[in-house]
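> Quick one: the structure is below, questions incoming.
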Amino acid sequence: MIEVAGAEASARIAEEARSALDGAITEAGTTMRQAARSAVAAAENLRLPWWLYLVAILLTGGLSASLAFWATHRADLADYQQDQRNQQLIREGQMLERVWPRITPAQRKKLEQLTGEQ
């Protein structure tokens, strides 16, 4: 009799424990499901429209291209800037290249002697 009563008590305790555990698991699952739904809803509220991303990408690309163009050409400008004396010598050299084939050998010799004296 004690064995039968012990078995019944044990079965009842197990049933009550299972019922309490099932209730706790169901309640935890429901709470987690609600938390997940609210997290998804919050994430959807934070999402920006697609055209805003496109504008940001285009602005970033344009700014990067402008900065790269400015940085590379700024260095080139310094290399090609000449002082007034150098610019005058370049113009005189270009003029001499145009005139040189048209002058006579005597005039060429005279010009070569003038440049050799200075």
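The values are calculated or read from the model by the stated rules, or taken from the named source; none is laboratory data. As the structure is a prediction and not an experimental result, all values here were calculated from the model. Heads up, the Cβs are rebuilt from the backbone with ideal geometry, glycines too, and the neighbour counts pull from every protein chain shown. Note: areas computed on protein heavy atoms with side chains; ligands, DNA, RNA excluded. Shrake-Rupley method; radii C 1.70, N 1.55, O 1.52, S 1.80 Å.
> Name the one entry in Glu16, Glu27, Glu44 that is among the acidic types (Asp, Glu), part of a helix (DSSP H, G or I), loosely packed, with under 10 Cβ neighbours inside 10 Å and without any contact (Cβ under 8 Å) to a residue 24 or more places away in the chain.
Exactly one of Glu16, Glu27, Glu44 is among the acidic types (Asp, Glu), part of a helix (DSSP H, G or I), loosely packed, with under 10 Cβ neighbours inside 10 Å and without any contact (Cβ under 8 Å) to a residue 24 or more places away in the chain, namely Glu44.
> To continue, here is another question. All but one of (1) of a type in the set (A, V, I, L, M, F, W, C); (2) modelled with pLDDT of 90 or more; (3) touching a helix residue (DSSP H, G or I) at 6+ places or on another chain (Cβ under 9 Å) hold for Ala65, so report the exception by its number.
Every listed condition holds for Ala65 apart from (3).
> Is there a residue being acidic (Asp, Glu), modelled with pLDDT of 85 or more and either surrounded by 10 or more Cβ atoms within 10 Å (Cβ to Cβ) or in a helix (DSSP H, G or I) (or both) anywhere in the range 84-95?
Within the range 84-95, one or more residues are acidic (Asp, Glu), modelled with pLDDT of 85 or more and either surrounded by 10 or more Cβ atoms within 10 Å (Cβ to Cβ) or in a helix (DSSP H, G or I) (or both).
> Further question on the same structure: Can you give me the number of residues within the range 47-57 that are at pLDDT 80 or above and open to solvent by 100 Å² or more (accessible area, probe 1.4 Å)?
Total satisfying the criteria: 4.
> Could you list, in sequence order, the residues of the range 30-41 that are open to solvent by less than 80 Å² (accessible area, probe 1.4 Å) and of a type outside the set (S, T, N, Q)?
Ala35, Ala36, Ala39, Ala41 - these are the residues of the range 30-41 that are open to solvent by less than 80 Å² (accessible area, probe 1.4 Å) and of a type outside the set (S, T, N, Q).
> Run down Thr72, Thr60 and say which single residue is polar (S, T, N, Q), open to solvent by 70 Å² or more (accessible area, probe 1.4 Å) and modelled with pLDDT of 85 or more.
From the options Thr72, Thr60, the qualifying one is Thr60.
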